[in-house]
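These notes concern the structure reproduced below.
The values are calculated or read from the model by the stated rules, or taken from the named source; none is laboratory data. A quick note: this is a predicted structure, and the numbers were derived from the prediction, not measured. All Cβ positions, glycine included, derive from the backbone under ideal geometry; neighbour counts span all protein chains shown.
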Amino acid sequence: MSAAVPGGGPAEEIALVGGLTHEGEGVVRGGKTVFVPGALPGERIRLRRIRRHRQHDDGALLELLTPSPQRVAPRCVHFGVCGGCVLQHLAPAAQLTAKEAELKATLERVARVTPRRWLEPLTGPVWAYRRRARLGAKFVHRKGRVVVGFRERAAPYVADLAGCEVLASPAGALIAPLAALLGRLAIREQVPQIEVAVADNATALVLRVLTEPPDADLALLGQFAHQYGVRLYLQPAGLDSVRALAEGRTEPLRYRLPAFGLELEFSPTDFIQVNGPVNEALVARAVGLLGLTPAARVLDLYCGLGNFTLALARSARSVVGVEGEAQLVERARGNAARNGVANAEFHQADLSAAPAAPAAWLRGEYSHVLLDPPRTGARAMLATVARLAPQRVLYISCHPGSLARDLMELVHEHGFALAAAGVVDMFAHTAHVESLALLERP
Ligand SMILES: C[S@@+](CC[C@H](N)C(=O)[O-])C[C@H]1O[C@@H](n2cnc3c(N)ncnc32)[C@H](O)[C@@H]1O
């Protein structure tokens, strides 16, 4: 329930901003809490309450009286409207400090745990880093053209972007040409979405098409692909309908993990970690923290296309990867074979429910477990992991709330100790918090 504050409602207030919400808005406490987009911790501001909710109000930032020393000019002209980024006005190092503070507070409040050691934040490029994204596209009659972009921050519309500073090159510079291209198509009102995947060897754009494009459109798409050196794919229905525009065999998309001598293939709509350099550092840190010996037997849950699995296999006796999506399991097997990794095997299983006892991948013994679940966490797997009694468990998380909930169970019910935790700068300028937590058996 929410309600607009009526005209003549509460007057303007002067307030001190205490923290950030999960969406990157400033939080003002004292009395009823107010969330103020654009305000940063430590700033003195003038605000007006514009909307009431049960637990908090929304506020509008009227004036910055004392700006934060960490405030910077946003690089992107679309910042504030586009929902892709919410923290460009905060220096990147301070973004990480804020995310670390959020992780600490969530672990203490929800899980009642503090790690024995805080890890240095894992950093990487903060501009032109995003190699996977889903963009919206819309023919706007009022404007007489197609707009392409992320959703707006405050409304469910496609933001009208000229370019993007966080999308990996060359995708960030392709938004305006792409919008112009779509505007020339006969099916311009039938292309609602574009998936972007920037691989080490190619850039792929997957156009969701609600109608098959006529030949003239196919010719325009082909010219665009040639001119900008990108691969275009069409998706007329579900994910398995994706097909390359160009006939004949195309080289698969690939990314490398050079420290492990690995090259992984993927399809343009597959899950891959968003920030390539940060992923390289994260995989190396994961292998280091697990402290594998040549006798180690590792279980990698939510393994995707083998991103961690194959690197772990380089130092372990064996690794078993488990993943829900059949296509990713196939991709992981192919990646193992192409990289000459013979000590990794892969199984498909739905990990949102406790596994049936006879599952083949549960028959082995494991000395180490890696968990890299989606935002919802790994709740259904925790008792199973505990029964396996591994020496170490490394939990990689993209949501502090579900991480804290799961750590509470692993620590307080299953007797693991939280040896270390830290944040990972996978999603600079967004409010997403990627983190890792190392657990050990006492
Ligand atoms: C954060 S991704 C990690 C993938 C991989 N570890 C990587 O680094 O590329 C989470 C993975 O969990 C898988 N997943 C999501 N829900 C699942 C479920 N219920 N059962 C099994 N796997 C699931 C997704 O398909 C995805 O591959």
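Scanning the stretch 93-123 for residues that are surrounded by 13 or more Cβ atoms within 10 Å (Cβ to Cβ), touching a residue at least 60 places away in the same chain (Cβ under 8 Å) and of a type in the set (S, T, N, Q) turns up Gln95, Thr106, Thr123. Taking the criterion of being buried (at least 16 other Cβ atoms within 10 Å of the Cβ) and either part of a strand (DSSP E or B) or not assigned by TED's automatic domain parsing to the domain that holds Val28 (or both), the residues of the stretch 48-59 that qualify are Arg48, Arg49, Arg52, Asp57, Asp58, Gly59. Scanning the stretch 326-335 finds no residues that are within 25 Å of Ala173 (Cβ to Cβ), touching a residue at least 12 places away in the same chain (Cβ under 8 Å) and either within 16 Å of the ligand (Cβ to nearest atom) or outside any helix (DSSP H, G or I) (or both).
Would it be correct to say that Leu87 is assigned to a strand (DSSP E or B) and either touching a residue at least 24 places away in the same chain (Cβ under 8 Å) or farther than 30 Å from Arg117 by Cα (or both)? So Leu87 fails the test. Can Arg338 be described as more than 12 Å from the ligand (Cβ to nearest atom), touching a Phe, Trp or Tyr at 6+ places or on another chain (Cβ under 9 Å), closer than 24 Å to Gly261 by Cα and not assigned by TED's automatic domain parsing to the domain that holds Ser241? No. All conditions in (1) within 12 Å of the ligand (Cβ to nearest atom); (2) part of a loop (DSSP other than H, G, I, E, B) hold for Val278, with the sole exception of (2). Listed conditions (1) farther than 23 Å from Asp350 by Cα; (2) more than 14 Å from the ligand (Cβ to nearest atom) are all met by Val424, apart from (2). The residues listed here are Ala284, Ala259, Ala219, Ala246; of these, the one that is within 16 Å of the ligand (Cβ to nearest atom) and over 22 Å from the mean Cα position of the chain (by Cα) is Ala259. Right, Val424: of a type in the set (A, V, I, L, M, F, W, C), surrounded by 15 or more Cβ atoms within 10 Å (Cβ to Cβ), within 22 Å of Glu120 (Cα to Cα) and in the same structural domain as Glu120 (by TED's automatic domain parsing) or not? Against the criterion (of a type in the set (A, V, I, L, M, F, W, C), surrounded by 15 or more Cβ atoms within 10 Å (Cβ to Cβ), within 22 Å of Glu120 (Cα to Cα) and in the same structural domain as Glu120 (by TED's automatic domain parsing)), Val424 qualifies. Contact map, the stretch 301-315: first residue away from the ligand (no atom under 11 Å from the Cβ), second residue among the β-branched types (Val, Ile, Thr) and assigned to a loop (DSSP other than H, G, I, E, B), Cβ cut-off under 6 Å, separation 6 or more or different chains; pairs are Ala313/Val341. Restricting attention to the stretch 199-239, which residues are in a helix (DSSP H, G or I) and closer than 21 Å to Gln273 by Cα? Scanning the stretch 199-239 gives a single hit, Leu239. Only residues that are within 16 Å of the ligand (Cβ to nearest atom) and either over 20 Å from the mean Cα position of the chain (by Cα) or among the acidic types (Asp, Glu) (or both) were counted across the stretch 384-394, and they come to 3. Specify the residue that is farthest from the ligand (Cβ to nearest atom); the eligible residues are those in the stretch 361-375 that are part of a loop (DSSP other than H, G, I, E, B) and touching a residue at least 60 places away in the same chain (Cβ under 8 Å). Ranking the qualifying residues of the stretch 361-375, first place goes to Glu365.
Restricting attention to the stretch 347-360 and to residues that are surrounded by 12 or more Cβ atoms within 10 Å (Cβ to Cβ) and at pLDDT below 95, the residue that is nearest to the ligand (Cβ to nearest atom) turns out to be Pro355. Picking from Val126, Val140, Val147, which residue would you name as being on the phi < 0 side of the Ramachandran plot, surrounded by fewer than 18 Cβ atoms within 10 Å (Cβ to Cβ) and aliphatic (A, V, I, L, M)? After applying the criteria, what remains is Val140.
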